[in-house]
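Computed from the coordinates by the stated procedures, all read-outs in this text should not be read as laboratory data. This is a predicted model, so every value here is computed, not measured. Every residue, glycine as well, gets a Cβ built from its backbone with ideal geometry; the counts of neighbours run over all protein chains shown.
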Amino acid sequence: MSLPFQSHCWQCVQRPDNRRGDFLIGWAESGEAGLNQHAQVSALEVDELLPALRRRSPGKSLRQSLLVVKDTVCYRRLAKSTTKADAVLEIGSSLGECTQVLSRAAAVVAIDVSKELVEESRRRHPSCRFEWLDCFQETDRLRDYCQELQLHGRLKIFIDIGGDRSTQDVLQLLFLLEGLVTPSPVLLVVKCEQLVDDLFDYCAPNGRLQMEGPLETLRGARGSRSARQVQRMRLHPYLYRYFYVVMFK
């Protein structure tokens, strides 16, 4: 299965079993003492986090990065890495809490498919810009927002369309963005628990996805089941069937 943004360095910055708010140890590995452990990375000043992100991936610049997280705490922690040199498109702004964090960038456009959430976000955060938009129905507007933002700085895209969304939903959106956004964004950050679970079996110890590895378990995105869950059910079909009968029948 092909993935979108293959020129980017895909990296899971959390393990599927990480506690809420914990990064994968070594995800920002730089070869320098104090920058290769979660405890030190999470304590870095905002301006120090960006060089750490660049150094963690030898041979690839920050403009080729796509980071995947599974929870809101780490997602917002990465949002704090934006600077005045950046322009940010936030997809799935909900009530605008992360938008407020991203507002340190030169420009931010936050979009959501829910008109009610957009109106409430505007009330709660009047200094931020919120737009009511369905990415799949209004692709021209989506492209216009990206082009507008690129006039203000390096385009970064933060995506949180719901923690329970399937891998298929998220990949569909990423393929859409890949076809619309030129030049490519310097950084994408995606929050999706199932995507982390599906990808992590094919990642190096620092979370970097091995593009040359087999990704058959992602074919068809397997609905709501993760690759690891499917693998377990193949190994222990009768055991899982027994628990299903006991628990749900």
Once you put a point 7 Å from the Cα of residue 182 and another 7 Å from the Cα of residue 106, both along the Cβ direction, what distance in nm separates them? 2.2
If amide hydrogens are placed 1.01 Å from N in the peptide plane, which non-local residues have theirs closer than 5 Å to the one on residue 108? 88
Using 0.36 nm times the number of residues separating residue 132 and residue 114, minus their current alpha carbon distance, what extension gain do you get? 5.8 nm
Proxy exposure order for 164, 144 (fewest C-beta within 10 Å first) is 164, 144
Per-residue Cβ contact counts at 10 Å, fewest first, order 191, 84 as 84, 191
To make sure I understand, if each residue's beta carbon is the centre and we count other beta carbons within 10 Å, what order do 119, 193 fall in, fewest to most? 119, 193
Residues meeting the amide H criterion for residue 154 (H placed from the backbone, H to H distance under 5 Å, 5 or more places apart or on another chain) are 86, 87
